[in-house]
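Notes follow the structure.
The values are calculated or read from the model by the stated rules, or taken from the named source; none is laboratory data. In this text the structure is predicted, and so the values were computed from the model without any measurement. FYI the Cβ positions are ideal-geometry reconstructions off the backbone, even for glycines, and counts take in every protein chain you see.
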Amino acid sequence: MSTAVYDARHHVARGGSSSLLADAEYRNFWLSSSAWVFASRALAIVVGFQLYALTKNPLMLGWLGLVEAIPALSLVLYGGHYADRHDRRFTIIWSRGSMILVSVGLVAVSMGNDATTVPLLLVLSFLAACARAFADPAQAAFEGQIVPRYAAVNSGVLLGGGYQAMCIAGPAVAGISYDFVGPIGVYTAIAVIFVYSTVANFLIAPRPVPNSDKELNAFQSIREGVAYVLSNQILIGSMALDLFAVLFGGAIALLPIFATDILKVGATGFGLLNAAPAIGAFTIMFVSMKYPPKRYAGRLLHIAIAGFGCAMIAFALSESFILSFAMLVVAGMCDGISVVVRRAITRLFAPNAMRGRVAAVSTVFIGSSNELGAFESGVAATLLGTVRSVWIGALLTLVVVAFTAAKVPKLLNLDLEKAAAECDT
(Lines give C-alpha, C1' and ligand atoms only; values in the text may rest on other atoms or scores of the structure.)
Protein backbone atom coordinates (compact mmCIF):
# COMPACT_ATOMS: atom_id res chain seq x y z
CA MET A 1 0.00 0.00 0.00
CA SER A 2 1.45 3.40 -0.99
CA THR A 3 2.35 6.11 1.51
CA ALA A 4 -0.31 8.40 0.01
CA VAL A 5 -3.03 5.81 0.46
CA TYR A 6 -1.83 5.08 3.99
CA ASP A 7 -1.89 8.80 4.86
CA ALA A 8 -5.41 9.01 3.43
CA ARG A 9 -6.46 6.17 5.70
CA HIS A 10 -5.00 8.07 8.66
CA HIS A 11 -7.02 11.12 7.66
CA VAL A 12 -10.22 9.10 7.37
CA ALA A 13 -9.60 7.40 10.71
CA ARG A 14 -9.10 10.73 12.48
CA GLY A 15 -12.61 11.76 11.42
CA GLY A 16 -14.22 9.31 13.87
CA SER A 17 -16.35 6.19 13.66
CA SER A 18 -18.54 7.35 10.76
CA SER A 19 -15.47 8.35 8.73
CA LEU A 20 -14.01 4.90 9.15
CA LEU A 21 -17.07 3.39 7.50
CA ALA A 22 -16.58 5.73 4.53
CA ASP A 23 -13.51 3.69 3.65
CA ALA A 24 -14.59 0.83 1.35
CA GLU A 25 -12.10 -1.71 2.68
CA TYR A 26 -12.90 -1.04 6.29
CA ARG A 27 -16.63 -1.18 5.48
CA ASN A 28 -16.23 -4.61 3.87
CA PHE A 29 -14.18 -5.76 6.85
CA TRP A 30 -16.90 -4.51 9.22
CA LEU A 31 -19.75 -6.10 7.24
CA SER A 32 -17.89 -9.40 6.94
CA SER A 33 -17.15 -9.42 10.68
CA SER A 34 -20.75 -8.57 11.56
CA ALA A 35 -22.11 -11.35 9.34
CA TRP A 36 -19.65 -13.77 10.94
CA VAL A 37 -20.92 -12.88 14.42
CA PHE A 38 -24.57 -13.16 13.34
CA ALA A 39 -24.09 -16.63 11.91
CA SER A 40 -21.82 -17.86 14.73
CA ARG A 41 -24.16 -16.71 17.49
CA ALA A 42 -27.20 -18.07 15.70
CA LEU A 43 -25.49 -21.43 15.21
CA ALA A 44 -24.42 -21.61 18.87
CA ILE A 45 -27.88 -20.98 20.33
CA VAL A 46 -29.60 -23.36 17.93
CA VAL A 47 -27.18 -26.17 18.78
CA GLY A 48 -27.68 -25.50 22.51
CA PHE A 49 -31.45 -25.42 22.26
CA GLN A 50 -31.52 -28.52 20.05
CA LEU A 51 -29.31 -30.43 22.49
CA TYR A 52 -31.48 -29.56 25.48
CA ALA A 53 -34.65 -30.36 23.53
CA LEU A 54 -33.25 -33.79 22.73
CA THR A 55 -31.84 -34.63 26.18
CA LYS A 56 -33.54 -32.41 28.83
CA ASN A 57 -30.22 -32.62 30.67
CA PRO A 58 -28.49 -29.40 31.87
CA LEU A 59 -25.16 -31.21 32.06
CA MET A 60 -25.31 -31.66 28.27
CA LEU A 61 -25.09 -27.88 27.92
CA GLY A 62 -21.97 -28.06 30.04
CA TRP A 63 -20.47 -30.70 27.76
CA LEU A 64 -21.24 -28.48 24.78
CA GLY A 65 -19.30 -25.67 26.42
CA LEU A 66 -16.41 -28.01 27.17
CA VAL A 67 -15.99 -29.33 23.62
CA GLU A 68 -15.97 -25.74 22.40
CA ALA A 69 -13.46 -24.72 25.06
CA ILE A 70 -10.85 -27.32 24.11
CA PRO A 71 -9.79 -25.54 20.86
CA ALA A 72 -10.19 -22.15 22.58
CA LEU A 73 -7.69 -23.23 25.22
CA SER A 74 -5.20 -24.98 22.98
CA LEU A 75 -5.48 -24.64 19.20
CA VAL A 76 -6.12 -20.89 19.31
CA LEU A 77 -2.55 -20.32 20.53
CA TYR A 78 -1.26 -21.97 17.39
CA GLY A 79 -3.84 -19.94 15.47
CA GLY A 80 -2.25 -16.78 16.83
CA HIS A 81 1.22 -17.95 15.79
CA TYR A 82 -0.18 -18.84 12.35
CA ALA A 83 -1.73 -15.37 11.96
CA ASP A 84 1.65 -13.74 12.65
CA ARG A 85 3.43 -15.88 10.05
CA HIS A 86 0.89 -16.02 7.19
CA ASP A 87 -1.41 -13.82 5.12
CA ARG A 88 -4.04 -12.81 7.67
CA ARG A 89 -6.73 -12.05 5.09
CA PHE A 90 -6.41 -15.48 3.49
CA THR A 91 -6.44 -17.10 6.93
CA ILE A 92 -9.80 -15.41 7.58
CA ILE A 93 -11.10 -16.63 4.23
CA TRP A 94 -10.27 -20.32 4.60
CA SER A 95 -11.17 -20.56 8.29
CA ARG A 96 -14.53 -18.88 7.84
CA GLY A 97 -15.12 -20.89 4.70
CA SER A 98 -14.79 -24.08 6.71
CA MET A 99 -17.83 -22.98 8.74
CA ILE A 100 -19.90 -23.39 5.60
CA LEU A 101 -19.06 -27.09 5.66
CA VAL A 102 -19.86 -27.33 9.38
CA SER A 103 -23.27 -25.74 8.78
CA VAL A 104 -24.03 -28.15 5.95
CA GLY A 105 -23.01 -30.99 8.27
CA LEU A 106 -25.48 -29.73 10.90
CA VAL A 107 -28.23 -29.75 8.29
CA ALA A 108 -27.42 -33.38 7.48
CA VAL A 109 -27.30 -34.68 11.05
CA SER A 110 -30.48 -32.78 12.00
CA MET A 111 -32.50 -34.78 9.51
CA GLY A 112 -32.67 -37.54 12.11
CA ASN A 113 -33.09 -35.21 15.14
CA ASP A 114 -33.17 -38.02 17.72
CA ALA A 115 -30.85 -39.30 20.46
CA THR A 116 -28.26 -40.43 17.88
CA THR A 117 -27.94 -36.82 16.75
CA VAL A 118 -26.43 -35.69 20.07
CA PRO A 119 -22.81 -36.92 19.65
CA LEU A 120 -22.72 -35.61 16.07
CA LEU A 121 -23.84 -32.18 17.25
CA LEU A 122 -20.99 -32.17 19.76
CA VAL A 123 -18.44 -33.25 17.12
CA LEU A 124 -19.53 -30.53 14.69
CA SER A 125 -19.48 -27.93 17.49
CA PHE A 126 -15.88 -28.98 18.20
CA LEU A 127 -14.97 -28.49 14.52
CA ALA A 128 -16.64 -25.07 14.52
CA ALA A 129 -14.56 -24.09 17.54
CA CYS A 130 -11.42 -25.23 15.70
CA ALA A 131 -12.28 -22.93 12.80
CA ARG A 132 -12.80 -20.00 15.18
CA ALA A 133 -9.39 -20.73 16.74
CA PHE A 134 -7.80 -19.61 13.46
CA ALA A 135 -10.36 -17.03 12.33
CA ASP A 136 -10.54 -14.89 15.47
CA PRO A 137 -6.80 -14.17 15.99
CA ALA A 138 -6.41 -13.48 12.26
CA GLN A 139 -9.30 -11.02 12.28
CA ALA A 140 -8.02 -9.15 15.34
CA ALA A 141 -4.54 -8.94 13.83
CA PHE A 142 -5.82 -7.96 10.36
CA GLU A 143 -7.80 -5.08 11.84
CA GLY A 144 -4.51 -3.67 13.08
CA GLN A 145 -3.21 -3.58 9.50
CA ILE A 146 -6.27 -1.69 8.26
CA VAL A 147 -6.71 0.92 11.02
CA PRO A 148 -3.95 3.03 12.65
CA ARG A 149 -3.53 2.75 16.40
CA TYR A 150 -4.93 6.14 17.30
CA ALA A 151 -8.23 5.09 15.68
CA ALA A 152 -8.33 1.94 17.83
CA VAL A 153 -11.11 3.14 20.14
CA ASN A 154 -13.33 4.33 17.25
CA SER A 155 -12.77 1.08 15.38
CA GLY A 156 -13.47 -0.86 18.56
CA VAL A 157 -16.76 0.98 18.97
CA LEU A 158 -17.81 0.16 15.39
CA LEU A 159 -16.75 -3.47 15.52
CA GLY A 160 -18.21 -3.82 19.00
CA GLY A 161 -21.43 -2.18 17.85
CA GLY A 162 -21.66 -4.52 14.87
CA TYR A 163 -20.87 -7.43 17.15
CA GLN A 164 -23.62 -6.54 19.59
CA ALA A 165 -26.15 -5.76 16.86
CA MET A 166 -25.58 -9.18 15.37
CA CYS A 167 -25.71 -10.74 18.83
CA ILE A 168 -29.20 -9.27 19.08
CA ALA A 169 -30.31 -10.32 15.62
CA GLY A 170 -28.63 -13.75 15.50
CA PRO A 171 -30.16 -15.36 18.60
CA ALA A 172 -33.53 -13.61 18.19
CA VAL A 173 -33.97 -14.55 14.53
CA ALA A 174 -32.65 -18.08 15.09
CA GLY A 175 -34.86 -18.66 18.14
CA ILE A 176 -38.02 -17.44 16.41
CA SER A 177 -37.16 -19.24 13.17
CA TYR A 178 -36.57 -22.48 15.07
CA ASP A 179 -40.28 -22.57 15.98
CA PHE A 180 -41.29 -22.18 12.33
CA VAL A 181 -38.70 -24.00 10.21
CA GLY A 182 -36.87 -26.19 12.74
CA PRO A 183 -33.12 -26.72 13.01
CA ILE A 184 -32.66 -27.76 9.36
CA GLY A 185 -34.06 -24.49 8.01
CA VAL A 186 -32.04 -22.39 10.46
CA TYR A 187 -28.76 -24.19 9.75
CA THR A 188 -29.32 -23.76 6.00
CA ALA A 189 -29.75 -20.00 6.39
CA ILE A 190 -26.66 -19.85 8.60
CA ALA A 191 -24.60 -21.57 5.89
CA VAL A 192 -25.63 -18.89 3.38
CA ILE A 193 -24.55 -16.11 5.76
CA PHE A 194 -21.19 -17.81 6.27
CA VAL A 195 -20.77 -17.77 2.48
CA TYR A 196 -21.19 -13.98 2.44
CA SER A 197 -18.84 -13.49 5.40
CA THR A 198 -16.18 -15.45 3.55
CA VAL A 199 -16.60 -13.91 0.09
CA ALA A 200 -16.64 -10.30 1.37
CA ASN A 201 -12.97 -10.61 2.35
CA PHE A 202 -11.98 -10.95 -1.31
CA LEU A 203 -12.94 -7.25 -1.65
CA ILE A 204 -10.17 -6.30 0.78
CA ALA A 205 -6.61 -6.01 -0.48
CA PRO A 206 -4.13 -8.37 1.18
CA ARG A 207 -1.58 -6.91 3.55
CA PRO A 208 2.04 -8.03 3.88
CA VAL A 209 2.95 -10.76 6.32
CA PRO A 210 4.50 -9.03 9.38
CA ASN A 211 8.28 -9.01 9.48
CA SER A 212 9.89 -10.79 12.39
CA ASP A 213 13.49 -10.34 13.46
CA LYS A 214 13.52 -13.81 14.94
CA GLU A 215 13.25 -17.23 13.38
CA LEU A 216 11.22 -19.09 15.99
CA ASN A 217 9.48 -22.43 15.78
CA ALA A 218 5.79 -22.62 16.69
CA PHE A 219 6.39 -23.46 20.34
CA GLN A 220 8.92 -20.65 20.79
CA SER A 221 6.67 -18.19 18.98
CA ILE A 222 3.67 -19.06 21.16
CA ARG A 223 5.80 -18.84 24.30
CA GLU A 224 7.03 -15.39 23.22
CA GLY A 225 3.44 -14.17 22.78
CA VAL A 226 2.33 -15.55 26.14
CA ALA A 227 5.37 -14.05 27.88
CA TYR A 228 4.65 -10.65 26.35
CA VAL A 229 1.07 -10.67 27.66
CA LEU A 230 2.12 -11.89 31.12
CA SER A 231 4.72 -9.11 31.36
CA ASN A 232 2.16 -6.38 30.65
CA GLN A 233 0.05 -5.59 33.71
CA ILE A 234 -2.72 -3.91 31.72
CA LEU A 235 -3.07 -6.74 29.19
CA ILE A 236 -3.00 -9.57 31.70
CA GLY A 237 -5.17 -7.68 34.19
CA SER A 238 -7.96 -6.92 31.71
CA MET A 239 -7.95 -10.48 30.35
CA ALA A 240 -7.98 -12.11 33.78
CA LEU A 241 -10.73 -9.78 35.00
CA ASP A 242 -13.00 -10.82 32.15
CA LEU A 243 -12.07 -14.49 32.40
CA PHE A 244 -13.05 -14.92 36.02
CA ALA A 245 -16.02 -12.55 35.86
CA VAL A 246 -17.63 -14.48 32.98
CA LEU A 247 -16.49 -17.86 34.30
CA PHE A 248 -18.33 -17.32 37.57
CA GLY A 249 -21.02 -14.79 36.67
CA GLY A 250 -22.26 -15.88 33.26
CA ALA A 251 -25.54 -17.74 32.83
CA ILE A 252 -26.08 -17.75 29.06
CA ALA A 253 -25.48 -21.50 28.80
CA LEU A 254 -28.36 -22.07 31.23
CA LEU A 255 -30.89 -19.94 29.35
CA PRO A 256 -32.58 -23.01 27.79
CA ILE A 257 -33.43 -24.10 31.36
CA PHE A 258 -34.65 -20.65 32.42
CA ALA A 259 -36.74 -20.32 29.25
CA THR A 260 -38.20 -23.85 29.39
CA ASP A 261 -38.54 -24.74 33.07
CA ILE A 262 -38.49 -21.50 35.10
CA LEU A 263 -39.99 -18.75 32.95
CA LYS A 264 -41.85 -21.15 30.61
CA VAL A 265 -41.53 -19.00 27.47
CA GLY A 266 -40.40 -21.62 24.92
CA ALA A 267 -38.04 -21.21 21.97
CA THR A 268 -39.24 -17.71 21.11
CA GLY A 269 -38.68 -16.49 24.67
CA PHE A 270 -35.33 -18.27 24.64
CA GLY A 271 -34.29 -16.33 21.55
CA LEU A 272 -35.37 -13.05 23.15
CA LEU A 273 -33.49 -13.81 26.37
CA ASN A 274 -30.37 -14.57 24.33
CA ALA A 275 -30.76 -11.27 22.52
CA ALA A 276 -31.35 -9.21 25.70
CA PRO A 277 -27.67 -8.79 26.71
CA ALA A 278 -26.81 -7.70 23.19
CA ILE A 279 -29.62 -5.10 23.22
CA GLY A 280 -28.04 -3.53 26.28
CA ALA A 281 -24.55 -3.76 24.86
CA PHE A 282 -25.62 -2.29 21.53
CA THR A 283 -27.19 0.64 23.35
CA ILE A 284 -23.86 1.32 25.02
CA MET A 285 -22.03 0.96 21.71
CA PHE A 286 -24.32 3.58 20.18
CA VAL A 287 -23.56 5.97 23.04
CA SER A 288 -19.85 5.17 22.75
CA MET A 289 -19.79 6.37 19.15
CA LYS A 290 -20.45 9.85 20.52
CA TYR A 291 -18.77 9.49 23.90
CA PRO A 292 -16.05 6.80 23.70
CA PRO A 293 -14.73 5.67 27.12
CA LYS A 294 -11.20 7.03 27.10
CA ARG A 295 -10.00 9.09 30.08
CA TYR A 296 -11.39 6.92 32.87
CA ALA A 297 -11.44 3.66 30.94
CA GLY A 298 -9.91 1.57 33.72
CA ARG A 299 -12.38 2.69 36.36
CA LEU A 300 -15.30 2.25 33.97
CA LEU A 301 -14.14 -1.30 33.22
CA HIS A 302 -14.25 -2.25 36.89
CA ILE A 303 -17.60 -0.54 37.50
CA ALA A 304 -19.09 -2.23 34.44
CA ILE A 305 -18.08 -5.73 35.48
CA ALA A 306 -19.34 -5.13 39.03
CA GLY A 307 -22.64 -3.97 37.52
CA PHE A 308 -22.71 -7.15 35.44
CA GLY A 309 -22.44 -9.25 38.59
CA CYS A 310 -25.26 -7.35 40.34
CA ALA A 311 -27.54 -7.71 37.31
CA MET A 312 -26.93 -11.47 37.19
CA ILE A 313 -27.88 -11.83 40.85
CA ALA A 314 -31.20 -10.11 40.14
CA PHE A 315 -31.71 -12.27 37.04
CA ALA A 316 -31.14 -15.47 39.00
CA LEU A 317 -33.74 -14.54 41.62
CA SER A 318 -36.37 -13.33 39.13
CA GLU A 319 -39.44 -15.37 38.23
CA SER A 320 -40.80 -12.74 35.81
CA PHE A 321 -39.90 -12.84 32.13
CA ILE A 322 -39.99 -9.03 31.89
CA LEU A 323 -37.69 -8.56 34.90
CA SER A 324 -35.36 -11.32 33.71
CA PHE A 325 -35.20 -9.75 30.26
CA ALA A 326 -34.49 -6.31 31.79
CA MET A 327 -31.67 -7.64 33.98
CA LEU A 328 -30.04 -9.30 30.99
CA VAL A 329 -30.26 -5.97 29.14
CA VAL A 330 -28.50 -4.25 32.07
CA ALA A 331 -25.85 -6.99 32.10
CA GLY A 332 -25.36 -6.41 28.39
CA MET A 333 -24.91 -2.68 28.90
CA CYS A 334 -22.16 -3.40 31.40
CA ASP A 335 -20.57 -5.90 29.05
CA GLY A 336 -20.72 -3.36 26.20
CA ILE A 337 -18.49 -0.98 28.16
CA SER A 338 -16.13 -3.85 28.91
CA VAL A 339 -15.93 -4.88 25.23
CA VAL A 340 -14.97 -1.38 24.02
CA VAL A 341 -12.27 -0.97 26.66
CA ARG A 342 -10.81 -4.46 26.23
CA ARG A 343 -10.72 -4.19 22.41
CA ALA A 344 -8.79 -0.94 22.64
CA ILE A 345 -6.38 -2.39 25.21
CA THR A 346 -5.55 -5.39 23.03
CA ARG A 347 -5.12 -3.14 20.00
CA LEU A 348 -3.00 -0.45 21.67
CA PHE A 349 -0.64 -2.62 23.70
CA ALA A 350 0.33 -5.21 21.05
CA PRO A 351 3.02 -4.61 18.39
CA ASN A 352 2.09 -5.50 14.79
CA ALA A 353 4.38 -8.54 14.55
CA MET A 354 2.78 -10.01 17.68
CA ARG A 355 -0.90 -9.04 17.27
CA GLY A 356 -2.04 -12.50 16.24
CA ARG A 357 -0.46 -14.13 19.29
CA VAL A 358 -1.70 -11.44 21.69
CA ALA A 359 -5.18 -11.84 20.22
CA ALA A 360 -4.88 -15.61 20.67
CA VAL A 361 -3.92 -15.25 24.33
CA SER A 362 -6.84 -12.85 24.72
CA THR A 363 -9.09 -15.49 23.18
CA VAL A 364 -7.82 -18.07 25.66
CA PHE A 365 -8.76 -15.76 28.52
CA ILE A 366 -11.88 -14.10 27.13
CA GLY A 367 -13.22 -16.46 24.47
CA SER A 368 -12.67 -19.62 26.49
CA SER A 369 -14.27 -17.97 29.51
CA ASN A 370 -17.57 -18.34 27.69
CA GLU A 371 -17.06 -22.03 26.92
CA LEU A 372 -15.51 -22.90 30.29
CA GLY A 373 -18.18 -20.76 31.92
CA ALA A 374 -20.79 -22.85 30.11
CA PHE A 375 -19.22 -26.04 31.45
CA GLU A 376 -18.98 -24.57 34.95
CA SER A 377 -22.60 -23.43 34.72
CA GLY A 378 -23.80 -26.87 33.66
CA VAL A 379 -21.89 -28.63 36.43
CA ALA A 380 -22.89 -26.05 39.07
CA ALA A 381 -26.55 -26.21 38.01
CA THR A 382 -26.46 -29.99 38.33
CA LEU A 383 -24.90 -29.87 41.81
CA LEU A 384 -26.48 -26.73 43.30
CA GLY A 385 -29.59 -26.16 41.25
CA THR A 386 -29.93 -23.69 38.38
CA VAL A 387 -30.97 -20.57 40.32
CA ARG A 388 -28.53 -21.02 43.21
CA SER A 389 -25.60 -21.66 40.89
CA VAL A 390 -26.18 -18.37 39.04
CA TRP A 391 -26.43 -16.02 42.03
CA ILE A 392 -23.51 -17.65 43.83
CA GLY A 393 -21.39 -17.29 40.71
CA ALA A 394 -22.39 -13.63 40.38
CA LEU A 395 -21.29 -12.97 43.95
CA LEU A 396 -17.89 -14.44 43.08
CA THR A 397 -17.72 -11.99 40.16
CA LEU A 398 -17.93 -9.09 42.63
CA VAL A 399 -15.09 -10.62 44.62
CA VAL A 400 -12.96 -10.84 41.45
CA VAL A 401 -13.57 -7.15 40.64
CA ALA A 402 -12.54 -6.05 44.15
CA PHE A 403 -9.40 -8.22 44.01
CA THR A 404 -8.35 -6.90 40.59
CA ALA A 405 -8.90 -3.27 41.60
CA ALA A 406 -6.61 -3.78 44.59
CA LYS A 407 -3.88 -5.80 42.85
CA VAL A 408 -3.68 -4.20 39.36
CA PRO A 409 -3.55 -0.41 39.88
CA LYS A 410 -2.28 0.30 36.34
CA LEU A 411 -5.48 -1.18 34.91
CA LEU A 412 -7.68 0.65 37.41
CA ASN A 413 -6.10 4.00 36.46
CA LEU A 414 -5.89 3.35 32.70
CA ASP A 415 -6.39 6.39 30.45
CA LEU A 416 -6.95 5.22 26.85
CA GLU A 417 -6.71 8.73 25.46
CA LYS A 418 -3.21 9.09 26.87
CA ALA A 419 -2.23 5.56 25.81
CA ALA A 420 -3.37 6.19 22.21
CA ALA A 421 -1.44 9.48 22.05
CA GLU A 422 1.74 7.72 23.15
CA CYS A 423 1.45 4.96 20.53
CA ASP A 424 3.21 5.14 17.23
CA THR A 425 0.94 5.55 14.20
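Residues that are modelled with pLDDT under 85 and in a helix (DSSP H, G or I) were ranked within the range 199-220; the one that is nearest to I93 (Cα to Cα) is A218.
Among the residues of the range 170-186, those identified as in contact (Cβ under 8 Å) with a residue 40 or more places away in the chain and either farther than 16 Å from V265 by Cβ or not charged (D, E, K, R) (or both) are G170, P171, A172, V173, A174, G175, I176, Y178, G182, P183, I184, V186.
Among the residues of the range 110-129, those that are modelled with pLDDT of 90 or more and either assigned to a loop (DSSP other than H, G, I, E, B) or more than 20 Å from L59 (Cβ to Cβ) (or both) comprise L127, A128. When you scan the range 16-101 for helices (runs of 4 or more DSSP H) that lie fully inside it, which ones turn up with 2 or more residues that are buried (at least 24 other Cβ atoms within 10 Å of the Cβ)? Output list reads 24-55, 58-73, 75-83.
How many residues does the range 179-204 hold that are among the hydroxyl-bearing types (S, T, Y) and closer than 17 Å to L124 by Cβ? Counting residues in the range 179-204 that are among the hydroxyl-bearing types (S, T, Y) and closer than 17 Å to L124 by Cβ gives 2.
A quick yes/no check of all residues on (1) modelled with pLDDT of 80 or more; (2) out of contact with any His (no Cβ under 6 Å at 6 or more places or on another chain); (3) of a type in the set (G, A, S):
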| site | (1), (2), (3) |
| --- | --- |
| P58 | no, yes, no |
| G62 | no, yes, yes |
| G65 | no, yes, yes |
| D87 | yes, yes, no |
| I93 | yes, yes, no |
| A141 | yes, yes, yes |
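Taking the range 114-140 as the range and being closer than 21 Å to S33 by Cβ and among the polar types (S, T, N, Q) as the test, only Q139 passes. Any residue in the range 315-322 that is crowded, with 16+ Cβ neighbours inside 10 Å and under 20 Å from the mean Cα position of the chain (by Cα)? Within the range 315-322, none of the residues are crowded, with 16+ Cβ neighbours inside 10 Å and under 20 Å from the mean Cα position of the chain (by Cα).
For the range 349-377, a tally of residues being over 21 Å from T397 (Cβ atoms) and either crowded, with 24+ Cβ neighbours inside 10 Å or at pLDDT 75 or above (or both) returns 10.
The lone criterion from (1) within 21 Å of A189 (Cα to Cα); (2) at pLDDT below 70 left unmet by L43 is number (2). Residues in the range 93-145 that are among the small types (G, A, S) and free of Cβ contacts under 8 Å to residues at least 24 places away in the same chain: G105, A108, G112. Identify all residues within the range 48-77 that are more than 19 Å from the chain's Cα centre (by Cα) and either among the aliphatic types (A, V, I, L, M) or within 13 Å of R357 (Cα to Cα) (or both); write none if there are none. If the condition is that a residue be more than 19 Å from the chain's Cα centre (by Cα) and either among the aliphatic types (A, V, I, L, M) or within 13 Å of R357 (Cα to Cα) (or both), then L51, A53, L54, L59, M60 are the ones that fit. Screening G80 against (1) farther than 17 Å from Q145 by Cα; (2) within 18 Å of the chain's Cα centre (by Cα) leaves a single unmet condition, (1). Filtering I190, I257, I234, I184 for residues that are part of a helix (DSSP H, G or I), under 22 Å from P351 (Cα atoms), of a type in the set (V, I, T) and at pLDDT 80 or above leaves a single hit, I234. For first residues located in the range 266-279 and among the hydroxyl-bearing types (S, T, Y), partners that are surrounded by fewer than 20 Cβ atoms within 10 Å (Cβ to Cβ) and modelled with pLDDT of 75 or more and lie 6+ apart or on another chain with Cβ distances below 6 Å form the pairs T268/I176; T268/D179.
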